[in-house]
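One structure is given here, and the rest of the page talks about it.
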């Protein structure tokens, strides 16, 4: 299939590479052109404009936030103005429910189609084609892009005809992951202050009731000697928590834990954590409890 891919960050680059490996004709676009070099070496065509990436049957967007998505969709020669009639915009960005609904309406009025296909997983999972895909949209559009979703993920779960349902599920999942990171950090700080080895504690957890990837992956990042490279940067996670709270307010769902996480991210960013992985909030507790080995949470 001839497709475009816009947004070549940590996740987008891996996803685009998987689409090339699966045999699709991929045209990539990124505001920073240098990020396209590795994909060009794998066979991708590099677009100089957004419009050039929108000449196929579908175009992916994998961008940082609502503002970035709006800037490429609604620009004068953006996706909405350039995508052929009947072609599909696949939005994999973690964006607000409100923007997702706006995109769906705009594409429908333009004679185009829209599928929200958010993904769960870290950059290494994207590069390996092991993401978990959460998709929603008109059944015919979802069916048409299923081969593309299968190329980037190990499984796709559908959540109905309204695209924004996938965005709501993704926000809820990121809220849950951040809650796990926070609870792990608090538990690690507690046992460590009691002179119990944190790694031994993690091994105990993940060999029993907490034997799940989210505990293993983020537990390892928290007990590591140094902060992890930013697979998912703290400011992006902070944005997702804000969007989850926004959705909760709109739906009249109180989310007290999300409010705690909001403040935890504010604390992390206020202490220089802008370039850290979001797992760094799990290290804040050790600093707060005056454990010197993890006092420098803002180290890069």
> Given 10 Å bins starting at zero, what is the percent of C-alpha pairs of segment 2-67 in each, up to the one with the largest pair distance?
Replying inline: 24, 63, 13, 0
> Listing 11, 255 from the residue with the fewest other Cβ atoms within 10 Å to the one with the most, what is the order?
Replying inline: 255, 11
> Quick one: which of 239-252, 108-121 comes out on top by average Cβ neighbours within 10 Å, and what's the full order, highest first?
Replying inline: 108-121, 239-252
>> If R₀ is 30 angstrom, what is the calculated FRET efficiency for the pair residue 64 and residue 146, using the beta carbon separation as r and rounding to 0.05?
In response: 0.70
> What is segment 136-217 by shape, rounded, prolate or oblate, if you read a ≥ b ≥ c off the alpha carbon gyration tensor as root eigenvalues and call it rounded for a/c under 1.5, prolate for a/b larger than b/c, and oblate otherwise?
Replying inline: prolate
> Going by alpha carbons, how many degrees (0 to 90, nearest 10) lie between the helix axis of 234-250 and the longest principal axis of the chain?
Replying inline: 80
> With labels modelled as points extended 7 Å from the Cα through the Cβ direction, what inter-label distance (nm, one decimal) is found for residue 176 paired with residue 130?
Replying inline: 2.0
> What per residue convex hull volume, in Å³, comes out for the chain when only alpha-carbon positions are used?
Replying inline: 132
>> Apply the a/c threshold of 1.5 to the C-alpha gyration tensor of segment 168-294 and tell me whether it is rounded, prolate or oblate.
In response: prolate
> If you wrap segment 41-183's Cα atoms in a convex hull and average its projection over all directions, what's the area in nm²?
Replying inline: 8.9
>> On C-alpha positions alone, give me the angle between the axis of helix 213-223 and the longest principal axis of the chain, in degrees, nearest 10.
In response: 50
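Every number in this text was worked out from the coordinates using simple rules, so none of it is lab data. Since the structure is predicted, the reported quantities are computational estimates derived from the model, not experimental observations. Using ideal geometry, Cβ is built from the backbone for each residue, glycine included, and neighbour counts are taken over all protein chains shown.
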